[in-house]
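Beneath this line is the structure, given in structure tokens, with notes to follow.
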Amino acid sequence: MDNQYLEVFIEESKDHLQSINDHLLELEKKPDDLVIVGEIFRSAHTLKGMSATMGYEDLANLTHKMENVLDAVRHEQLSVGSDMLDIVFDSVDDLEAMVVDIASGGKGTRNVETVVSKLHALETGEAVADTASPIATAVPDDREELQLDEFELTVLQQSEESDQSNLRVTVKLREDCLLKAARVYMVFEVFEQIGEVIKSVPNVEQLENEEFEHQFTVLLVTGDSAKDVQAKVMKVSEIEHVEVSEFSVQSYLTEGSEQKDISRDKEDDVKDAANQPTPSSSSEPSKQQVGNKTIRVNIDRLDVLMNLFEELVIDRGRLEQISDELQHAELQETVERMSRVSGDLQSIILNMRMVPVEHVFNRFPRMVRQLSRDLNKSINLTIEGAETELDRTVIDEIGDPLVHLIRNAIDHGIEEPDVRVQHGKPEEGSLNLKAYHSGNHVFIEISDDGAGINRTKVAEKAVANDVVTNSQAANMSDKQIYELIMASGFSTADHISDVSGRGVGLDVVKSTIESLGGHIGIDSEWGHGSVFSIQLPLTLSIISVMLVEVQAEKYAIPLSSIIETAIIKEDEIMYAHNKEVIDFRGKVVPLVFLEEVFEVPRTREKDAYYSLVMVRKGDKMAGLVVDSFIGQQEVVLKTLGHYLSDAFAISGATILGDGEVALILDSNALIK
């Protein structure tokens, strides 16, 4: 299949599914608003047509079933309720999983018998049956994962006319099964003893090569009953469960005609679009211009462009150095112009890589809805600044930490409705997600109006876990105490919860954010709520640094963590707790000698003066002792690779204009 069309299909499918998700959440608040239903129906109808055209029949069939339910709501034959929305949400989950499978190179197949039977029950007005039984009672969509040729259909039709049964058998192996191919072989031996396998999905060769996850489906012609088949297959070890249902040839052929109707619907959509009047330039000029000037660009191409520009930045630094050395007027003028142009080019490329945080925030309304139902809490989620933009590489990494923080706020922060009422609060808890720009950073805040953080409980737990001593806890500020909850394995929960991480503390969140060059802070008021504030850099590729010299080696310190530089005399150094410190504007700040930390070979004697780079990590500060300052410069951040990823206090490296390599320091790791 043409990758060009496939990429467009995947992107547009994701857009339609996100639109369906958003409108379903809106419909839950306004169940009588048929305009919202119409929007959902249009997105589902378009997705169905696209899927059929691309040949993804399972995706098209499930969307078609969901569309029928929406059509019933649209014509007021079915009312919108919580149970109905749960089933439609489950359908959307399956559709999203299919699209993800297609994006990863799969065929978009998925076992959706349960949700299809529920959708069918909604459509026909029947009670939704409990489909937890391993033997399906409802007739499933027999086209699921199966493409039958004429010979196979003939065999199945003949068996229906005799005393044989056509059974669809889905076998799921346990996830810890080590020899999947061996288990499949044993299952097929059982099938051969009781009948004949007509079709297998995946095919036999793929099963033998273990080219499947943990589940496969076969069409079996047998004289045994469904229960007998299930019992015999379950005797094979490492089988999690077996689903057996009758396979109807007539149903298969009927669904085939429905598929043709779907394709015709798509053709009708295309014709309708072609017959729509073209908007005149005088009535809607802006929309027409936007449509003509917007294109989709594969992110891989932007990565290549960024890599090429990074090389250009390195060469620019080299030219600037040569220009300074030669002091040639025309060369200096040319280099200055090149620097200005490349600076503008850098801004354009970085802006092209920027993605609104909305792409991450979009998943949270649905998640909060489900969690509030699971925990029997009423929660109102508000989102601000979703249009705030971040580099794509940062967006990719920040999703999981935000999920953890939101789940933590809902589980531990916001109280039960009856407890909130007792404390004079409204039953509905508030959760606010806010993003905004400030300088060269983006801030994301997660705030709630829940119980807040109990300083006493955190301090007692920290002392019990030997994180701090009693005397240290007594002298710590509230913010310092709150930060203890991000220590490894720390949790104040009275019992382990599936919601907020099964006892896994916020240390994972903290380490992920710090690996992005960011910082997380906590503020809380007991009884009134908490605020988790995340500070992130706009981009990770090109950063501004202060170049310093330590003996004969050069190091780069990111400007984002530097407060200022200073020069002190040797006699200004004091000692506290056997450590060298200075008095920095009334505050005792420890010194970190980079020469000792990185074991730099000595090539010259120390001066009587010390050059300091003052760095900050939250409320903590340190003075990095260097030999001299080289100056400020924009550099390209290069990773050290897998083998050197554990190097202490080194976040990467950069190539300077003269071809030398300078290591980029992780000042957070140097501040204890």
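No lab work stands behind these numbers, since they all come straight from the coordinates. These figures come from a predicted structure and were not determined experimentally. All Cβ positions, even for glycine, are placed from backbone atoms using ideal geometry, and neighbour counts span all protein chains on display.
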Subtracting the Cα-Cα distance of Ser162 and Glu205 from 0.36 nm times their residue separation yields 12.4 nm
Given a Förster distance of 22 Å, the FRET efficiency implied by the Cβ-Cβ spacing of Met367 and Glu525, rounded to the nearest 0.05, works out to 0.30
³J(HN,Hα) across segment 382-388 via Karplus (A = 6.51, B = -1.76, C = 1.60, θ = phi - 60°), whole Hz, x for Gly/Pro? 10, 10, 10, x, 5, 7, 4
Loop trypsin sites (Lys or Arg not before Pro), segment 193-240 (other Cβ atoms within 10 Å of the site Cβ: 16 or fewer; DSSP): Lys235
What net charge is computed for the residues neighbouring His214, neighbours being all others with C-beta under 9 Å from the C-beta of His214, Lys and Arg scored +1, Asp and Glu -1? 0
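Over segment 3-124, what is the relative contact order in whole percent, taking alpha-carbon pairs under 8 Å and six or more residues apart?
27 percent
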Residues whose built amide H sits under 5 Å from the amide H of Glu415, excluding neighbours closer than 5 in sequence, are Ala451
For Thr603 and Ala474, what does the FRET efficiency come to when R0 = 41 Å and r is the distance between their Cβ atoms, rounded to the nearest 0.05? 0.30
Between Glu7 and Gln327, how high is the FRET efficiency from 1/(1 + (r/R0)^6) when r is the Cβ-Cβ distance and R₀ = 41 Å? Nearest 0.05. 0.20
Amide H to amide H, which residues 5 or more places from Lys199 or on other chains are under 5 Å from it, using H placed in the peptide plane? Leu219
Using Cα pairs closer than 8 Å and at least 6 residues apart in sequence, work out the relative contact order for segment 357-537, in percent. 24 percent
Report, in deg cm²/dmol and to the nearest 500, the calculated mean residue ellipticity at 222 nm for the chain, where each DSSP H run with n ≥ 4 adds -39500 (n - 2.57) and the sum is divided by the residue count. -14500 deg cm²/dmol
By average Cβ neighbour count within 10 Å, what is the ranking of 526-532, 585-591 from highest down? 526-532, 585-591
Roughly what would the spin-label model give for Asn307 and Val588, points 7 Å off Cα along C-beta, in nm? 5.1 nm
Which of the helices in the chain, when you take each full DSSP H run, stretch at least 27 Å along the axis at their Cα atoms and have an average Kyte-Doolittle score of -0.5 or higher? 34-54, 82-103, 299-326, 329-352
Separation in nanometres of the label points that stand 7 Å from Cα toward Cβ, at Ile295 and Asp90: 4.5 nm
Of the listed pairs Lys457/Lys579; Lys199/Lys232; Lys377/Lys510, those with alpha carbons more than 23 Å apart are Lys457/Lys579; Lys377/Lys510
Return the label of the correct value of semi-axes √(5λ) of the Cα gyration tensor in Å, as calculated from the structure shown, out of (i) 56, 32, 28; (ii) 64, 30, 21; (iii) 54, 29, 23. (i)
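When only C-alpha pairs under 8 Å and at least 6 residues apart count, what is the relative contact order of the chain, in percent?
After rounding, I find 8 percent.
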Tell me, how many Å apart are the Cα centres for segment 318-363 and for segment 5-79? 44 Å
Taking the Cα centre of each part, how many Å lie between segment 146-220 and segment 575-651? 65 Å
Check the straight Cα-Cα distances from Lys48 and name the lysines below 25 Å, setting aside those fewer than 8 residues away within the same chain. Lys14, Lys65, Lys107, Lys118, Lys260, Lys266, Lys271
How would His423, His23 line up from fewest to most surrounding beta-carbon atoms within 10 angstrom? His423, His23
Take every DSSP beta bridge with both residues inside the chain and express the antiparallel ones as a percent of the total, to the nearest 5. 90 percent
Expressed in nm to one decimal, what extension gain is obtained for the pair Leu34 and His359 from 0.36 nm per residue of sequence separation less their Cα-Cα distance? 114.3 nm
At 0.36 nm per residue, and after removing the present C-alpha to C-alpha distance, how many nm does the segment from Ser430 to Leu559 gain when stretched out fully? 42.8 nm
What's the exposure ranking of Thr154, Thr109, going from fewest to most Cβ atoms within 10 Å? Thr154, Thr109
